[in-house]
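First the structure, in the form of structure tokens, and then the observations on it.
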Amino acid sequence: MATIRVLQAIGGLDFSWKRGDLVDLPDGVAAQWADGVRAEYANQDPPSAPAGDGPQAPADTDPPADPDDPGDQDDDPDGPVLFDPAEHNVKDVLAYLDGVGEQEALRVLQQEENAEEPRKGIVGQRGSILERAQANDEATERAAETSRGGGRGDTIETR
């Protein structure tokens, strides 16, 4: 028997494993799952097997994300991928900020202001960016308010 650690959620007709689960399996089955993408051996070396046996991980796959490495945060399937202004030019950052709400605009502006070299084309427009973000929030709230009850105000929605 071998123990594997699940790296990404896996489910079938009679099983369901979530990320981080430890699962005991027969050696041959463990070798099929422990491909470094779906699962890995937990605290042990893989059982010795003749060369050429078992599945091979595709050559173009990235190594599994390290939850302790901040650089791997975007690879975490359990969390959202956040916009990083450092990975984009000024034009792309401003275009992104044009369509977000106040909370996200504040987060991105804070990241930009804390950068080694904050870009004036972004931080210099803080006031107008936040005004647009507040307007986006208000428009979103108006749309949500209109859609409540099927857009017919206080009447009960029936279908």
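The values are calculated or read from the model by the stated rules, or taken from the named source; none is laboratory data. These numbers were taken from a predicted model, which means no experiment stands behind them. Neighbour counts run over all protein chains shown; Cβ positions are idealised from the backbone, glycine included. For accessibility, only protein heavy atoms count, side chains too; no ligands or nucleic acids. Shrake-Rupley method; radii C 1.70, N 1.55, O 1.52, S 1.80 Å.
Summary table below
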item	result
Residue in the stretch 89-111 that is surrounded by 12 or more Cβ atoms within 10 Å (Cβ to Cβ), at pLDDT below 80 and not acidic (Asp, Glu) present	no
Residues of the stretch 1-23 classified as open to solvent by 70 Å² or more (accessible area, probe 1.4 Å), farther than 15 Å from Ala34 by Cβ and either free of Cβ contacts under 8 Å to residues at least 40 places away in the same chain or touching a Gly at 6+ places or on another chain (Cβ under 7 Å) (or both), total	4
